[in-house]
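Each value in this text was obtained by applying a stated rule to the coordinates, not by laboratory testing. Everything numeric here is computed off the predicted structure, so don't read it as measured data. Note that we place each Cβ from the backbone using ideal geometry, even for glycine, and neighbour counts take in every protein chain shown.
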């Protein structure tokens, strides 16, 4: 509570004896005006005294105002010291108390709150995964970030009159940094209420599971499992990995001592696409304190989106290896090298095709080119000395190459400044200017008007308008032409200059990425912000609707249905944002979910769907032994002490004994010039008006 005392006085900017001069000026003025005035007849004497008094008051006040008087107001505020009372609301606290113990503890905390609030400015908080105001006894937080709590207290109260911090915790933290360093910054006594049990119990614990978040269908991936056993010596447990109730692998673990720890690595195969749920479990051992930490679920997003790239060539060439190595750096791509003489398959099964020195004189690959056009497969031509230029001109319209015999040129690449289809790192641009020449046909090159030229040819010292690398798109089909062979020299040059192939890989990789990326032409799309959420995270789903001009709109209503793995459906309605849709579905329990969004536009029902999974957070069950050493370190460093949960009501006495929680007096001084007070103006106006009225009434005017 805060007490406020107000004190006011008037200060003049000139010596105090000037006030006497103001009184003298008022008296002289009134005396000279009314002492011998006989204008009022029989009433002259008394009336003159009254009028003189009015004039004296008016002149004196005006003279006093000329001394620039100010009102000085001193506001003294007594601020009671702040006492913070905070409760660890994590699951480990609730798990260490019986219902009876919890009830008594809660009762004592409420009494403590009343006692502290009667004397101090009490602030209460709960903390766990987050910090929030008020004490919560649900003990439901899935994680504990003690450092986050300490930082919050420092940010809020480091510059205030904080008397002490009381926090009740078991000292177990599993998020954030080490709280010791932040605890030392508080600069106020910290009293710790030590909860939980410090005696290690017999327990088998799955400490951590390390796995990739993403893998590809058909790939094999490794899972690393850390497990510990406390007071379980001379026993054994079975480690099992299962999926959908089916056991995938088992391994017997022999526990050699009472303080046991080991790391196991298991290799699994991704056999289905989508977010897959796996369970790691340990068979229980008799007498365990809890079996809640004997199992853990983990999720892996298995992608079936790897694009198949065909590198089809007229004959072996060093370019093939350079291109393949660049493509293999991107796990989204799977590349195959084939030669035209032996290729009898259909290219329809590929997502992107690179045609090296094709079509050639020996292989016109007419079937391949027809399939590419009809199936709209994006592709890139690499022109070489074996390329049949007339057939090439018929196969694409980005650039017409009119050959002049069988001669060739050595051409370097120059970056076209106006190219803006995608961006390149400045280091890549510098590299392009230094790259060795490639072999291009001795020919006339005529690029299409709307073709996007990335590189032009520099032949010798002459910069030409002949394209070296040109990209384009026609009726949704992306294609490109590299008009020279020998880019393997570019890759080697990059390594010689920079001891890596990164810049070459970026240049060629971005060309392939642009050509191979398929645009999403759906008019209505819905997508979750993640494919995998933690159970304490909010599920957000966005949607977009496009009209026939492909302009984003949100005129009609859009709805969404989420279905869990039990078949239960949860309907929602999207909120409209500026030009799209957004939905906050809140938090959902662990499991796999499907969603379907619907809207009706111009009488047509449009749908879009997807899937996501929610994984549980089990941090609080993997550490069951209280860390009271942490509580002692923080309290001792800050001049406090540690008490048990049964000693809560002793804390007010301990705080008083420390003597840190004292009220602070704050003086606030405010000054204001009297001349700015409106009532003084009206007072002067009233005095002059009354004087004028009396003189008028008694016939002086």
Ratio Rg/Rh [Cα only; Rh per Kirkwood] for region 528-601 = 1.01
Any chance you could run the full-extension gain for residue 308 through residue 563? It's 0.36 nm times the residue separation minus the Cα-Cα distance, nm to one decimal.
-> 88.5 nm
By Cβ neighbour count within 10 Å, fewest first, 521, 448 rank 521, 448
Neighbour-count ranking for 416, 83 (other C-beta within 10 angstrom, fewest to most) reads 416, 83
Quick calc, residue 475 & residue 362: beta-carbon distance into FRET formula, R0 30 Å, rounding 0.05, result 0.50
Kindly rank 135-145, 397-407 from highest to lowest mean number of other beta carbons found within 10 Å of each residue.
-> 135-145, 397-407
The helix 44-66 Cα axis meets the longest alpha-carbon principal axis of the chain at an angle in degrees, between 0 and 90 and rounded to 10, of 30
Given (1) -0.64, -0.95, -1.07; (2) -0.42, -0.82, -0.96; (3) -0.69, -1.01, -1.10 as possible values of log10 I(q)/I(0) by the Debye sum over Cα atoms at q = 0.06, 0.09, 0.10 Å⁻¹, the one from the coordinates is (3)
Pulled fully out, how much extra length does the chain show between residue 673 and residue 261, if you take 0.36 nm times their separation in residues and subtract their Cα-Cα distance?
-> 140.5 nm
Could you state the angle between the C-alpha long axis of helix 18-34 and the longest principal axis of the C-alpha atoms of the chain, as a value from 0 to 90 degrees rounded to the nearest 10?
-> 60
Here the gain from full extension of residue 602 to residue 550, 0.36 nm per residue of separation minus their alpha-carbon distance, amounts to 17.3 nm
Tell me, what is the FRET efficiency for residue 272 and residue 579 to the nearest 0.05, using R0 = 30 angstrom and their Cβ-Cβ distance as r?
-> 0.25
Rg(Cα)/(2.2 N^0.38 Å) for region 276-422, N = residue count = 1.67
With axes computed from alpha carbons, what is the tilt in degrees of helix 502-516 against the longest principal axis of the chain, rounded to the nearest 10 within 0 to 90?
-> 80
Between residue 370 and residue 118, take the C-beta separation as r, use R0 = 56 Å, and let me know the FRET efficiency to the nearest 0.05.
-> 0.05
Order by neighbour count: 19, 230, 309, fewest other Cβ atoms within 10 Å first, most last.
-> 19, 230, 309
With labels modelled as points extended 7 Å from the Cα through the Cβ direction, what inter-label distance (nm, one decimal) is found for residue 662 paired with residue 46?
-> 6.5
Would you calculate the separation in nanometres between label points at residue 646 and residue 423, each defined as 7 Å from the Cα along the Cα-to-beta-carbon direction?
-> 6.6
Does anything in region 580-603 have its amide N under 20 Å from the 7 Å Cα→Cβ label point of residue 214, and if so which residues?
-> 593
Rough spin-label spacing in nm, given labels placed 7 Å along Cα→Cβ, for residue 334 and residue 251 = 2.8
Restricted to the chain, the DSSP antiparallel beta bridge percent, nearest 5, is 75
